[in-house]
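Report on the structure given below.
The values are calculated or read from the model by the stated rules, or taken from the named source; none is laboratory data. It should be emphasised that the depicted structure is a prediction, and the values quoted were computed from it without experimental measurement. So basically every Cβ, Gly included, is an ideal-geometry build from the backbone, and we count neighbours across all protein chains shown. Please note that ligands, DNA and RNA were not included when accessible areas were found on the heavy atoms of the full protein model with its side chains. Shrake-Rupley method; radii C 1.70, N 1.55, O 1.52, S 1.80 Å.
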Amino acid sequence: MKPFKSLLFIICFFSAFFSYGQNQEKIIVKYSGRTSKSTDVKDGALVFLRNKSQQVHFTHNGADLFCDKAIYYEDQDFIEAFSNVVMKQGDSINMVAKYLEYSGKSQLAIARGDVILTEPQSILKTDTLYFDRVKQEAYYNTKGNVVRDTSGTITSQIGRYYINASKYQFIQDVVLVNPKYTLNTERLDFFTENGHAYLFGPSTIVGETSKIYSERGFYDTNNNIGHFQRNAKIDYDNRTVEGDSLYFDRTKSFASATNNITVTDTLNKSTVKGHYAEVWRAQDSMYITKRALAITVQDKDSIYIHADTLMVTGKPENRITRAYYNARLYKSDMAGKSDSIHVNHKEGLTQMINLNRFSSTDAFATKRKPVLWNIGNQMTGDTIHLISNPKTEQLDSLKVFENAFLISKDTISEDGFNQIKGLRLIGLFKDNELYNVDIIKNAETIRYLRNDEGELIGIQKSKSGKINVQIIDQAIDEVRFINQIDGNIFPESDFPKSGRRLRDFDWRGEEQPLSVEDLFKDDPPLDLPIIKGLDDYVPPEAFIDDAIAKRIEEAGKASPEKENKAARNLPKKTMVTPLESTTKKADSTTAKPVKEIIKKEGQ
């Protein structure tokens, strides 16, 4: 008996359900102040008017329609609504307009005149709006704007709202105006519930202190966080950050970049490159790694500093650059290597440092000692300071602290080296060329003496308290010994080869970078992350697609001898072509060649 009762209940339930559905297939008149059949209206349609107490009211499949006047074509189940039109769908969708057409058969509504569509997260305003109740989509192509409290106002020429997904799709001349920034793009997908915006095509986000450009991007309008790809860059405070992928946090004034990064400081004529960077605007600081390279233009030349990691901190007037782990520098007339390099731009002081973390017993400690090459001269020591004039940007002097060693190859012999060593070294520059050197305390020298014809006169070896060296045309012209202890000049045959090197002699000419490319020659292979980014933009299907076209066609079959009212006033088909990037899409797994990295930077 129980199975029979259950079966009976199910039959009754579905019978009631389908009965309800059938009753709702046609538009129902819930209220009319006055109803008439006017001869002025074609097809014998009914005319409904409101009274003083309330408006004309219709219902259809869960939607309510209110207006001051309506013309109802019963044979086609089609309504024309006039004046103070309101269409409500449940508790979430409310649309008002001056005029509306609605087909109960196709369930397509066309609203005109000061149209406002309100849903819980946003308000859409336009002149003409098409609303498909089956697909739950609204569409305009007469320019519209969407207001969302937390995000601002979005305007576009064409727009579509996907109600079930709470998603807007804006096309052509898209502008989002927020109190803190203005966003311009060609295509924008916007989700009202979480405030997520997806940008396609050339796009800019301009705020009071920054400007972002990209051709593919994501922006969280609730939290002011964004990810950008395709020619992405951020401009702020005379600094531009570019990379294959950028991350930006407006609230924290923070940006990071990944792969093929360039940070340009137009105020200080400097550029930093690498493959991962972090920039903190409030602290005016920057961290960059993975083949980091700093380029500073000075007097129509450029200084290049390369290291595993670079840090730039401080305002322009007090800027500090730190390069650490296998730091190297190159200039047209100078090159150097050290464990780390510290540059105080205000003081014009560059310090080349061998960090204390390396033990003196380390087998590679010697190779980590700072070394500087200047036009044939090699200088080494525990620490080297280069001092330049901050205004003229010309080298002024250098200081080598502890274990100073100056070496230059003899101009003719294959294995002869001029050598000077001592506790400290002080060098003076003129026009960026070394012209005077003082070796202080425990000074020793080995020097190859030649006449004007280049013939070897002898090899000089001496010790003194201090040595002064005068250099002319890149060659040692005169050596003065102060408080000389001993010294002699030996014929080459009388000078044993085993004694031709001072203790701790270390010629490192094979390490000297002879070009900017040489700064990278010992770097390990790069392992860059793969950046997928957003997929290419796919144009949406036409609003009047095959499904709705079939519904419209079916609506006209009820009265084939008459005009199909559901087919009139449909939107013209708008062609939306795929977007193309202004440049080729970068392969985010590959670093740009070194020559491309350094071009246009003083070379």
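Here are a few things to note about the model shown:
- Subset of the stretch 66-85 that is of a type in the set (S, T, N, Q) and modelled with pLDDT of 95 or more - its residue that is least open to solvent (accessible area, probe 1.4 Å): Ser83
- Checklist (1) open to solvent by 50 Å² or more (accessible area, probe 1.4 Å); (2) modelled with pLDDT of 65 or more; (3) part of a loop (DSSP other than H, G, I, E, B) applied to Gln603, failing item: (2)
- Pick from the stretch 47-65, criterion under 17 Å from Tyr99 (Cβ atoms) and among the β-branched types (Val, Ile, Thr), ranking: modelled with the lowest pLDDT: Val47
- Test: residue in the stretch 95-107 that is in contact with a Phe, Trp or Tyr (Cβ under 8 Å, 6 or more places away or on another chain) and at positive phi: no
- Any hit, the stretch 34-42, residues being at pLDDT 95 or above and among the β-branched types (Val, Ile, Thr): no
- For the stretch 273-286, residues that are within 15 Å of the chain's Cα centre (by Cα) and without any contact (Cβ under 8 Å) to a residue 60 or more places away in the chain total 7.
- Scanning the stretch 328-358 for residues that are out of contact with any Lys or Arg (no Cβ under 9 Å at 6 or more places or on another chain), modelled with pLDDT under 85 and within 21 Å of Arg424 (Cα to Cα) gives a single hit, Asn356.
- Only one of Asn442, Asn483, Asn451 that is under 20 Å from Val400 (Cα atoms) and without any contact (Cβ under 8 Å) to a residue 24 or more places away in the chain: Asn442
- When the stretch 44-64 is limited to residues that are touching a residue at least 12 places away in the same chain (Cβ under 8 Å) and among the small types (Gly, Ala, Ser), the one that is farthest from Gly33 (Cα to Cα) turns out to be Gly62.
- Criterion (within 24 Å of Lys550 (Cα to Cα) and open to solvent by 20 Å² or more (accessible area, probe 1.4 Å)) met by exactly one of Lys105, Lys30, Lys88, Lys98: Lys105
- Selection within the stretch 555-567 - in contact (Cβ under 8 Å) with a residue 40 or more places away in the chain and in a loop (DSSP other than H, G, I, E, B): Ala558, Ser559, Lys562, Asn564
- Residue that is farthest from the chain's Cα centre (by Cα) [pool: residues in the stretch 49-64 that are open to solvent by less than 10 Å² (accessible area, probe 1.4 Å) and of a type outside the set (Gly, Ala, Ser)]: Val56
- Yes/no for Thr271 being within 30 Å of Ser388 (Cα to Cα) and assigned to a strand (DSSP E or B): yes
- Which listed residue, of Tyr139, Tyr168, is buried (at least 16 other Cβ atoms within 10 Å of the Cβ) and touching a Pro at 6+ places or on another chain (Cβ under 7 Å): Tyr139
- From Glu455, Glu433, residue being open to solvent by 70 Å² or more (accessible area, probe 1.4 Å) and over 55 Å from the mean Cα position of the chain (by Cα): Glu455
- Identity of the residue in the stretch 458-492, within 24 Å of Glu433 (Cβ to Cβ) and not in a strand (DSSP E or B), that ends up most open to solvent (accessible area, probe 1.4 Å): Asp473
- Qualifying residue in the stretch 506-528 (condition: touching a residue at least 40 places away in the same chain (Cβ under 8 Å) and over 43 Å from the mean Cα position of the chain (by Cα)): yes
- Among the residues of this structure, Ile482 does not count as one that is out of contact with any helix residue (DSSP H, G or I) (no Cβ under 7 Å at 6 or more places or on another chain), more than 30 Å from Pro571 (Cα to Cα), among the β-branched types (Val, Ile, Thr) and at pLDDT below 85.
- When Ile467 is tested against (1) modelled with pLDDT under 85; (2) under 56 Å from the mean Cα position of the chain (by Cα), exactly one condition is not met: (1).
- Filter result for Lys300 (within 23 Å of the chain's Cα centre (by Cα), surrounded by fewer than 19 Cβ atoms within 10 Å (Cβ to Cβ) and modelled with pLDDT under 90): no
- Only one entry of Tyr219, Tyr247 meets the criterion of being among the hydroxyl-bearing types (Ser, Thr, Tyr) and closer than 17 Å to Ser285 by Cβ, and that entry is Tyr247.
- Every listed requirement among (1) surrounded by fewer than 20 Cβ atoms within 10 Å (Cβ to Cβ); (2) at pLDDT 95 or above; (3) within 27 Å of Tyr161 (Cα to Cα) is met by Gln24 save one, (2).
Here's the yes/no breakdown for (1) assigned to a strand (DSSP E or B); (2) open to solvent by 10 Å² or more (accessible area, probe 1.4 Å):
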residue	(1), (2)
Ala232	yes, no
Leu246	yes, no
Lys252	no, yes
Ser256	yes, yes
Ile261	yes, no
Leu267	no, yes
Ala277	yes, no
Ile288	yes, no
